[in-house]
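Report on the following structure.
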Amino acid sequence: MQAHEIDYQIFGEEMQYVEIELDPQEVVVAEAGSFMMMDNGIKMETIFGDGSKQEGGIFGKLLSAGKRVLTGESLFMTAYQNIEYGKKKVSFASPYPGKIVPIDLNKYGGKFVCQKDAFLCAAKGVSVGIDFSRKLGRGLFGGEGFIMQKLEGDGMAFVHAGGTLARKELQAGEVLKVDTGCIVGFTKDIHYDIEFVGGIKNTIFGGEGVFFATLKGPGVVYIQSLPFSRLADRVLQAAPQMGGKDKGEGSLLGGLGRMLDGDNSF
């Protein structure tokens, strides 16, 4: 086994965190900003890339880190190592309401493909790279699905899903159609493509986007009910009303509107 073998426990319901138990000298790597707490005796160090062994020496490390930039992530990650003799624990939190999904890469043939912002942390030795689509259609219309992250190795990795999580196990030839932003990740044998919704009314008035993803089995797919992009859109829509007075705020209609919205502050 190349990756460090770590134990873990997930706590919480809607705002979860994962607690990683490290034996002496064991290491877990995580994205910047996911750290929550840790025991005394754990050394925190910023590393270049994902900490996995790269072929080609420094060139391999540069290539690995450069790929992370294409996914919108930092060149650097943070490694947490137990430098004492007893077991120590370090915890990482979800960035927004949802579920943390443990991925045992041994069970999925050594590879799992996920949305570029879904990765939370992994045992040292797991490679965090990118998975380019070979089809132009996915690149132009796939949205979040064009450049995805791939997790490779034989250790544990953890990804985050927004809202409620659905796990679908597709049989050979079985097809599932999904909003592109709702995909959390899927196993390596899943065939992924982008399909046009079709119909002028659907395109103009449907409100669900012009394209969706088709996932064809065999394999396992994880779906989230609340993509961060959808949550951010709703927050931005409400921002003008939250940040200042809207046109009807001081009027009778404005007060009635707030009552209907459940706002009792006058």
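Since every read-out is calculated from the coordinates, none of them should be taken as a lab result. Everything quoted here is computed from the prediction, not taken from an experiment. Cβ coordinates were reconstructed from backbone atoms using ideal geometry, including for glycine residues, and neighbour counts include every protein chain displayed.
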Modelling each spin label as a point 7 Å along the Cα-to-Cβ direction, I'd like the residue 2/residue 237 distance in nm, to one decimal.
4.5 nm
Do the alpha carbons of any pairs in 116/177; 124/216; 43/107; 99/216 sit beyond 27 Å of each other, and which pairs?
124/216; 43/107
Inter-probe distance in nm under a simple model that places probes 7 Å from Cα toward Cβ, at residue 189 and residue 47
3.1 nm
Applying a 10 Å radius around every beta-carbon, put 3-9, 83-89, 122-128 in order of their mean neighbour count, most first.
122-128, 3-9, 83-89
Quick check: Cα centre of the stretch 23-38 to Cα centre of the stretch 79-94, how many Å?
6 Å
